[in-house]
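Q: Pasting a structure below so you can have a look.
The values are calculated or read from the model by the stated rules, or taken from the named source; none is laboratory data. Remember, it's a predicted structure, so these values are computed and weren't measured experimentally. Neighbour counts are summed over all protein chains in view; Cβ atoms, including those assigned to glycine, are modelled from backbone coordinates with ideal geometry.
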Amino acid sequence: MKSIIPNFKAKNIFEIDINFFKKIDVHYLFCDLDNTLDLYTTVFPSNDVLNLVKRLHENNISVIICSNNSKKRVEKYAKILKVKYIYRSFKPFCYKVNKYLKNNRIDSSKALFIGDQLLTDIKCGNKLGIKTLYVDELAHKNGFFTKINKRIESFYKKKLKKSNFCKNWRDIYVSTKES
């Protein structure tokens, strides 16, 4: 269970104040694509995503899309945003993400992994020693394998909710803001 417990929770990536990332000393956001940044059926980034990535870049925070999806899907999307990407990352296995961290000399303490799945995104980030932030899925419409994963995940989420499994980013942000 410990491997799927995120450090933070948010309704979605768009509600998070950019200053929160600065307060927790994050310079790199490893973001899941499908149902975290956009719907899995969306081919091009939405205006919300374009604006978010622009604001992150203006604040010296790099976005790296980390997806289990195909190169064709991820590359097309990432190129429009002008961000780096890892396709077919095979999350929760962390070989490709770890290789990316090493090749780009990224300090894992300066990174945050954001995703909508505990068993893939959060588990991968936790295994790498990266801070993790769990977001609700943007839509309940998923691909075949994700549907299976979400069904298994619902069991764990029920257990974790009883123990108030992680803090909302706002609670952390307010407490760090006051420090």
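Q: Within the stretch 43-96, work out how many residues are within 17 Å of the chain's Cα centre (by Cα), in a loop (DSSP other than H, G, I, E, B) and within 25 Å of residue 119 (Cβ to Cβ).
A: Here the count works out to 12.
Q: Let me ask another. Taking residue 91 and the conditions (1) modelled with pLDDT under 95; (2) closer than 22 Å to residue 47 by Cβ; (3) not hydrophobic (A, V, I, L, M, F, W, C), which numbered condition does it fall short on, given that it satisfies the others?
A: Unmet condition: (2).
Q: Still on this model: Filter the stretch 6-36 for residues that are farther than 18 Å from residue 172 by Cα and among the charged types (D, E, K, R); which is nearest to the chain's Cα centre (by Cα)?
A: Going through the qualifying residues, I end up with 32.
Q: Hey, residue 150 hits all of (1) part of a loop (DSSP other than H, G, I, E, B); (2) at pLDDT below 80; (3) of a type outside the set (Ser, Thr, Tyr); (4) within 19 Å of residue 69 (Cβ to Cβ) but one; which does it fall short on?
A: (1)
Q: Out of curiosity, is residue 44 closer than 27 Å to residue 88 by Cβ and free of Cβ contacts under 8 Å to residues at least 40 places away in the same chain?
A: So residue 44 fits the description; yes.
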